[in-house]
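Here the structure comes first, spelled out in structure tokens, and everything after it is commentary.
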């Protein structure tokens, strides 16, 4: 049958449409009844389920179903028509509004808003690709995180600059804009070398920003007896005096602590903690290392309050660093946080350790035992174990005298890493070590940068009596 034969044209807003002869159009009045009541107004009677809807023809010759009549097939949407949206919530309000001819309707059952044209492929924004999970679910290794992202040479980027020599790794001490004249428990006197402000001088001396602001507001920064403020400019040759915050400590009646090193400037102190003594008080009134350090300061006639910078386990002996001036404690805490403070432990490990071990595994709390730490989940931790000499335990078991250096300070880090490597610490029953008279773990050496002078300080504690029989002559 030729195209258009047996059909009558029907003019609508969206173009000519052809319907079969003998069937009224959608705008024709219904026979024997008035116009249909409802939202759709007058229109044809809906077909029964399974009855095919009348065909229509588009201007391009494609056949489809009449949009005003329901049918078993879904209506096709014109390519140039916008999607049906209702208001701001994207509901079906727009469809109903278009059918009843309300405001914003196009009169064709669809909103009249044109569809947004799609961008060319080269202008489309690429979708973010999902990140691949890290193997074993652990964090990024410390060695990878420490590497700086420098541009490669020969690829259009500038050549990387020469790395700066840090103050904390034993390199040369940078020239500071001041010279320390004197330091005591009451004040620190500095001689200015170059032009700077009062705040810049305090920050260069290792004072934190909050402590510098507190000292300036309390008029504890003076030049020739006159209090200074932050905007005041200093000239070479000026002498600035920083009055330290007064302390009102308590002096308990306990045995004084053994001091391994005392700062000539009076800002720091390193105490030698014995085995079985807590660093902080646990609230029960038991004796702790802080009380012993305060008793030592009282015996020396010094009115300062000691604050521990680091902590070690109750069964571990060795060096613990204390800060005696709160103005300079933030500079020491920063070295502990970034791993620049070197700390070496002397330990006795079970079994034969014939090579250096590097354990870089995260350490976190054990979910099944609150006293233990679990290796494999938690915060990043790095431990390096170096063997010194093989020894023989009283029971006939073999052990190895080793040094363990840590670059992160996690709870039970050396004990958990050593047990994970198959060589638990002797005397560590919590992690499966052989029995002994005590935990064979001692904080032996420590190196840090002085916050005021910038010099590298190295401190060493004597070997405790419980470990002396297992240290061969010439091993250290």
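Taken together, the values in this text are just the output of simple stated rules run on the coordinates, not laboratory data. Since this is a predicted model, take the numbers as computed values, not measurements. Ideal geometry is used to build each Cβ from the backbone, glycine not excepted, and the neighbour counts take in all protein chains shown.
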Report relative contact order for the range 178-243 in percent, whole number only (criteria: Cα-Cα under 8 Å, sequence separation at least 6).
41 percent
Of 357, 289, 441, 393, how do they rank once you tally other Cβ atoms within 10 Å and put the fewest first?
393, 357, 289, 441
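Quick check on the exposure proxy: order 397, 450 from fewest to most C-beta atoms within 10 angstrom. Kindly include the intermediate steps, with their values, before the conclusion.
Working: 397 13, 450 21.
Ascending number of Cβ neighbours within 10 Å: 397, 450.
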Taking the Cα centre of each part, how many Å lie between the range 252-271 and the range 359-413?
29 Å
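Below 8 Å, C-alpha to C-alpha, sequence gap of six or more: please give me the relative contact order for the range 377-465 in percent. It would help to have the intermediate numbers written out before the result.
Values: 121 pairs, mean separation 14.1, N = 89.
Value for the range 377-465: 16 percent.
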Theoretical FRET efficiency, 1/(1+(r/R0)^6), r = Cβ-Cβ of residue 250 and residue 370, R0 30 Å, to 0.05:
0.45
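Is the range 178-243 best put as rounded, prolate or oblate by its Cα gyration tensor, with a ≥ b ≥ c the root eigenvalues, rounded for a/c under 1.5, and otherwise prolate when a/b is larger than b/c, oblate when not? It would help to have the intermediate numbers written out before the result.
Values: a/c = 1.31, a/b = 1.09, b/c = 1.21.
It is rounded, given that a/c, with a ≥ b ≥ c, falls under 1.5.
Going by a ≥ b ≥ c, the root eigenvalues of the Cα gyration tensor, does the range 258-470 fall in the rounded group (a/c under 1.5), the prolate group (a/b larger than b/c) or the oblate group?
On the way: a/c = 1.70, a/b = 1.59, b/c = 1.07.
Cα axes put the range 258-470 in the prolate bin.
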Taking the mean number of other Cβ atoms within 10 Å as a proxy for protection, how do you rank 328-335, 243-250, 212-219 from highest to lowest?
328-335, 212-219, 243-250
Could you list 180, 207 in order of exposure, starting from the residue whose Cβ has the fewest other Cβ atoms within 10 Å?
180, 207
